[in-house]
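Reviewing the structure listed below.
The values are calculated or read from the model by the stated rules, or taken from the named source; none is laboratory data. Keep in mind that what you see is a predicted model, and the values were worked out from it rather than measured. With ideal geometry, Cβ positions are generated from the backbone for all residues, glycine too; neighbour counts draw on all protein chains shown.
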Amino acid sequence: MSDRDLSKLDKIDNNLERIVAKLRQRKVKVEVKPPVDRKTIRRWSSKCAKPLRQFCEKVLTDLYTHYTPASVNNLLNEVVQRGLRLEIALALASQFDPVLSNDALLRRYIDEGYVDWDYLVSIINSFGYRFGVDELRSFLSQPKDLKRQ
């Protein structure tokens with residue numbers, strides 16, 4: 001190597017610390033999503049029938065991840081206050097898309113208690129369950145206290 005090449009390398013070495021220091025000074029805005037509150041999810045999912053608890057936990061995790069905890073809690077409280085099934089409301093809520101604003105079936109369930117059982121079975125089965133329409137209807141039509149054991 002020539003003296004000129006060595007001089008260039010020395011210049012790079014001398015400037016390296018300054019360049020690295022400048023790079024470290026750059027401020028990067030990073031938004032960290034708060035972790036999902038597992039305690040709240042467990043509290044709500046404990047109100048679901050045991051065979052569907054994992055389903056409820058998955059849907060609740062998704063809802064709390066994408067929507068504010070207050071809005072999710074308001075929805076769930078309304079369902080409970082009206083004496084409706086949490087499992088059904090969560091299944092219908094899992095299909096909500098704010099872009100499409102397709103909450104008609106969820107609203108109809110909350111307002112009128114109407115359930116499209118075929119659609120409900122297809123939602124729940126898409127999460128890996130294997131229920132028939134009659135089986136799910138009889139299961140979710142039983143009094144709530146019998147299934148929590």
Looking at Lys29, Lys22 in this structure, which one is of a type in the set (Lys, Arg) and either part of a loop (DSSP other than H, G, I, E, B) or modelled with pLDDT of 95 or more (or both)? Lys29
Looking at this structure, is Glu87 surrounded by 14 or more Cβ atoms within 10 Å (Cβ to Cβ), at pLDDT 95 or above and more than 14 Å from the chain's Cα centre (by Cα)? yes
In segment 47-79, anything surrounded by 14 or more Cβ atoms within 10 Å (Cβ to Cβ) and among the hydrophobic types (A, V, I, L, M, F, W, C) is listed as Cys48, Ala49, Leu52, Phe55, Cys56, Val59, Leu60, Leu63, Val72, Leu75, Leu76, Val79
Counting only residues that are of a type in the set (A, V, I, L, M), surrounded by fewer than 17 Cβ atoms within 10 Å (Cβ to Cβ) and under 17 Å from the mean Cα position of the chain (by Cα), segment 90-115 contains a total of 1
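Can you tell me which residue within segment 35-52, out of those that are among the hydrophobic types (A, V, I, L, M, F, W, C) and more than 15 Å from Phe139 (Cα to Cα), is modelled with the lowest pLDDT?
Val36
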